[in-house]
Amino acid sequence: MFRSILIAILALSVIGFSYWGYEEHKEKNNILIHAENNYQQAYHELAYYIDQLHNQIGSTLAMKTQDSMRPQLADVWRLSTLAHGFIGELPLTLMPFNKTNEFLAKVGEFSYEKGIKETNDKDISDSDYKKLQKLYSQSKEVEDGLREVENVVMTNHLRWMDVELALSSQNQKMDNQVIDGLKTVDAKSADYTKSFEATNPKNAVNQDKTFTNLSGPKISQKEAIERFQSFIDDHNMKVKHIELTGRNGKKDSYTLSMENKSNQKSVSGQVSKQGGHVIWFMKQRETNYDKVTLYEAIQKANKYLNKRKIKNMVLVQSDQYDHVGLLTYALKKENVRIYPASIRIKVALDTGEVIGFDQTDYLYNRTIHVNLKPKLKKQVVIDHLSNKIKVQEVHLVVFQNEQIQNVLCYEILATQDQHSYRILINANTNEQEKVELLNG
């Protein structure tokens with residue numbers, strides 16, 4: 001009798017410890033998934049802002065005086081700090097990203113001094129122009145390096161958590177492609193910073209936004225899962241992890257990851273608690289060849305938006321690289337393009353499947369209030385441009401300037417010699433808001 005009781009107690013103890021161990025493992029796995037999602041998003045943002053930084057510096061080189069350069073340099077100043085902030089969110093504490101941080105600090109310092117602090121209209125000096133040229137070249141190398149690492153991560157299905165574990169390992173023979181790639185990026189950042197003294201940028205990152213004032217009632221976790229499955233057209237996806245998250249202390253969205261064990265596909269994304277809007281998602285899979293043209297990818301993306309009743313969107317940019325089509329749409333109201341309210345879609349060019357979707361900016365800005373009636377006529381603005389450029393297209397757009405103000409502009413696509421430019425002129429004041437070099 002005593003033996004039977006002892007066996008029963010031991011059996012219950014084993015079951016209890018097994019369940020406790022399972023729950024501990026499950027909780028640990030959930031934490032790792034959440035960290036992985038955050039790392040992926042931070043790297044995506046870092047690469048995006050470095051891309052924008054390179055383009056802005058290129059457009060600055062087309063200007064002659066400091067006054068005409070000011071809008072571009074102010075934007076360079078802002079972008080450098082945004083990129084700087086996202087480096088701090090990556091698992092690089094054991095491998096300091098020193099040179100890249102220093103590079104961005106110098107970019108911020110230079111653009112602040114020449115674009116904001118100094119207010120004269122003198123021609124830029126030869127030495128400063130050479131620094132800009134060096135900066136343009138250097139930012140391209142950093143941009144290419146980051147994209148190369150991103151491609152390695154996606155192609156080989158690597159995880160940022162593996163990078164963190166490799167960095168913390170005592171084994172000095174680390175063979176990690178991501179670490180090697182980031183070390184290369186860091187090394188490429190070094191040359192430009194040698195011509196500057198060490199100082200920090202004098203700017204601050206914009207305050208994080210939260211998802212508020214969205215249409216529809218608040219939804220439960222179960223409803224968020226159902227909305228997400230329907231949006232990605234895959235009800236066979238099962239939840240690996242889901243939690244209520246947000247910024248500035250406000251838990252206003254569900255962050256989740258799902259997988260389909262039958263075909264080993266996985267997807268991560270975010271759904272707003274208010275209204276159940278899918279904010280973004282990213283499917284993890286390889287794209288190894290091109291079978292679908294970029295034009296066909298655009299048609300598929302158009303159908304994707306229409307099916308989800310996202311209306312009045314116009315394609316404003318399309319790019320193609322590594323067997324993927326990257327498409328950007330902007331909201332159109334009263335024949336005016338609302339650029340702050342944009343949606344980005346990624347289409348795999350092997351099958352035409354939509355593998356990435358981001359309507360963060362659209363949800364933030366689709367209800368912005370701007371007077372869409374210009375005070376100046378189109379021809380008045382064109383007449384103030386240099387007669388050396390050839391105007392190709394003109395659009396009315398709402399543009400968000402470096403002060404984070406939404407302004408009505410004439411967007412002018414023009415050419416001069418072998419260069420193409422996108423020029424944004426305030427439709428009410430005739431002031432230049434931005435000049436962007438499109439090829440260079």
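The values are calculated or read from the model by the stated rules, or taken from the named source; none is laboratory data. Just so we're clear, the structure is a prediction, and the values are computed from it rather than from any experiment. Positions of Cβ are generated from backbone atoms using ideal geometry, with glycine treated the same way; all protein chains shown enter the neighbour counts. Quick note on the areas: whole protein, heavy atoms, side chains included, nothing else; ligands and nucleic acids left out. Shrake-Rupley method; radii C 1.70, N 1.55, O 1.52, S 1.80 Å.
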Item checked: Spin-label pair LYS388/GLU113, simplified geometry with 7 Å Cα→Cβ offset, distance in nm -> 2.8 nm
Checklist line | Charge dipole (debye, nearest 20) of segment 277-379; +1 at Cβ of Lys and Arg, -1 at Cβ of Asp and Glu | finding: 840 debye
Margin query: Quick check: pseudo-label points 7 Å beyond the Cα along Cα→Cβ at ASP417 and LYS303, how many nm apart are they?
Written below: 4.6 nm
Note to self: Could you give the length gained by full extension between LYS311 and GLU431, i.e. 0.36 nm per residue of separation minus their alpha carbon distance, to one decimal place?
What the structure shows: 40.0 nm
Next item on the list: Please go through the residue pairs LYS240/LYS332; LYS273/LYS307; LYS332/LYS377 and name each one whose alpha carbons sit more than 26 Å apart in this structure.
Entry: LYS240/LYS332
Margin query: Can you tell me how segment 269-313 classifies by the Cα gyration tensor, rounded, prolate or oblate, using a/c under 1.5 as the rounded cut?
Written below: oblate
Check: Say R0 is 41 Å: what FRET efficiency, to the nearest 0.05, do ASP234 and ASN335 get from their beta-carbon distance?
Finding: 0.65
Next item on the list: Give the relative contact order (percent, whole number) for segment 326-440; include only Cα pairs under 8 Å separated by 6+ residues.
Entry: 19 percent
Note to self: Within segment 235-325, what whole-number % of the accessible surface is contributed by carbon and sulfur, with the 1.4 Å probe and all protein chains included in the calculation?
What the structure shows: 44 percent
Notebook entry, point to check: Around ILE343, what is the net charge, scoring Lys/Arg as +1 and Asp/Glu as -1 over all other residues with Cβ under 9 Å from its Cβ?
Noted result: -1
Next item on the list: Over segment 243-339, average the accessible area per residue using a 1.4 Å probe and give it in Å², no decimals.
Entry: 54 Å²
